[in-house]
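The values are calculated or read from the model by the stated rules, or taken from the named source; none is laboratory data. Just so we're clear, the structure is a prediction, and the values are computed from it rather than from any experiment. Neighbour counts are summed over all protein chains in view; Cβ atoms, including those assigned to glycine, are modelled from backbone coordinates with ideal geometry.
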Amino acid sequence: MQEDTSLYLVPTPIGNLEDITYRAVRILGEVDTILAEDTRTSGKLLKHLHIRKPLQSYHAFNEHQSAERFVERMKGGEKLALISDAGTPGISDPGFLLVRHCLEHDLKIECLPGPVAFIPALVKSGLPNDRFTFEGFLPHKKGRQTRIKNLVEEERTMVFYESPHRLLKMLQQMAEAMGADRPASVSRELTKMYEETKNGTLQELIEYFTEHPIKGEIVVCVQGKK
Ligand code: SAM
């Protein structure tokens, strides 16, 4: 394994621009090139941070090819940082394949600690967090019911990412599978102006969000089976 780090995975704010570490800013200013899921979104953040660096796109749809290409460049000595639109790269965002390719080629990687949406949601939920399972996004159609069914016996708190227009459907499916009295929590717009966390049983949350349609970005936590 080489001594110098070739790839830095750098978490960026999930809303509040103050949530970036000193180290993240320094690393972004030191690497040769920054890879971004969406160069326009990340360009705004970098401008805000007064960082001028070559910015190249790295997104899920051609991740295999891009990963191979960037590995060759790192083998040639280039230092890269990967950022996503928000939060930690690789967490429900591109990054996993690039990390795998780097490891296969003995390239040193570092992932800086920093913003990720599911941790504040879990901690704010008041649900047990000594053990939990991060489930990311459920499949939209095929495999959705199977995934939910497989979680019925789960004893740890489950954490999901979900889009606002599928929230009610998700809560209803969870209630059907796990019981309407199961404690749960919905957090939206974490770190942003309209941040809100609603805790209650699945039934209470269904009633609340039927009356108050939700907008923005959402994390759902569901208590495990007792
Ligand atoms: N990489 C990100 C992370 O570290 O959390 C996750 C990216 S994923 C494509 C986007 C999803 O994360 C959103 O649909 C939402 O479920 C969740 N999310 C991101 N920012 C959020 C926020 N400020 N409040 C609530 N949920 C958020």
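Pick out the one residue from N199, N150 that is more than 30 Å from L9 (Cα to Cα), exposed (fewer than 15 other Cβ atoms within 10 Å of the Cβ) and outside the structural domain of I34 (by TED's automatic domain parsing). First the steps, then the outcome.
Working: N199 fails: exposed (fewer than 15 other Cβ atoms within 10 Å of the Cβ).
Going through N199, N150 in turn, just one is more than 30 Å from L9 (Cα to Cα), exposed (fewer than 15 other Cβ atoms within 10 Å of the Cβ) and outside the structural domain of I34 (by TED's automatic domain parsing): N150.
Picking from H64, H59, which residue would you name as being out of contact with any strand residue (DSSP E or B) (no Cβ under 9 Å at 6 or more places or on another chain) and not assigned by TED's automatic domain parsing to the domain that holds Y161?
On inspection, the qualifying residue turns out to be H64.
Given the criterion touching a Leu at 6+ places or on another chain (Cβ under 6 Å) and small (G, A, S), identify the matching residue among A86, A121, A60, A67. Can you show your working first?
Working: A86 fails: touching a Leu at 6+ places or on another chain (Cβ under 6 Å); A121 fails: touching a Leu at 6+ places or on another chain (Cβ under 6 Å); A60 fails: touching a Leu at 6+ places or on another chain (Cβ under 6 Å).
Among A86, A121, A60, A67, only A67 is touching a Leu at 6+ places or on another chain (Cβ under 6 Å) and small (G, A, S).
Determine which single condition L97 fails, assuming it passes every other condition in (1) within 16 Å of the ligand (Cβ to nearest atom); (2) in contact (Cβ under 8 Å) with a residue 40 or more places away in the chain; (3) not basic (K, R).
It is condition (2) that L97 fails.
Just checking: which of the strands (runs of 3 or more DSSP E) contained wholly in region 1-90 hold 1 or more residues that are within 28 Å of E195 (Cβ to Cβ) and touching a helix residue (DSSP H, G or I) at 6+ places or on another chain (Cβ under 7 Å)?
Working: elements: 5-9, 33-36, 55-57, 80-83.
So the answer is 33-36, 80-83.
For the structure I just gave you, tell me whether V116 is among the hydrophobic types (A, V, I, L, M, F, W, C), touching a residue at least 60 places away in the same chain (Cβ under 8 Å), within 16 Å of the ligand (Cβ to nearest atom) and assigned to a loop (DSSP other than H, G, I, E, B).
Numbers: among the hydrophobic types (A, V, I, L, M, F, W, C): yes; touching a residue at least 60 places away in the same chain (Cβ under 8 Å): yes; within 16 Å of the ligand (Cβ to nearest atom): yes; assigned to a loop (DSSP other than H, G, I, E, B): yes.
Yes, satisfied.
Just checking: which of the helices (runs of 4 or more DSSP H) contained wholly in region 126-213 hold 1 or more residues that are of a type in the set (K, R)? Walk me through how you get there before you give the answer.
On the way: elements: 144-150, 167-178, 202-211.
Helices (runs of 4 or more DSSP H) meeting the threshold: 144-150, 167-178.
Of everything in region 158-195, what is more than 9 Å from the ligand (Cβ to nearest atom) and under 13 Å from K124 (Cα atoms)? Give them in sequence order.
Correct list: V159, A184, S185, V186.
Can you confirm whether T157 is under 24 Å from Q223 (Cβ atoms) and crowded, with 20+ Cβ neighbours inside 10 Å? Explain how you work it out, then say what you get.
Details: under 24 Å from Q223 (Cβ atoms): yes; crowded, with 20+ Cβ neighbours inside 10 Å: yes.
Yes; evaluated as a whole, the condition is true for this residue.
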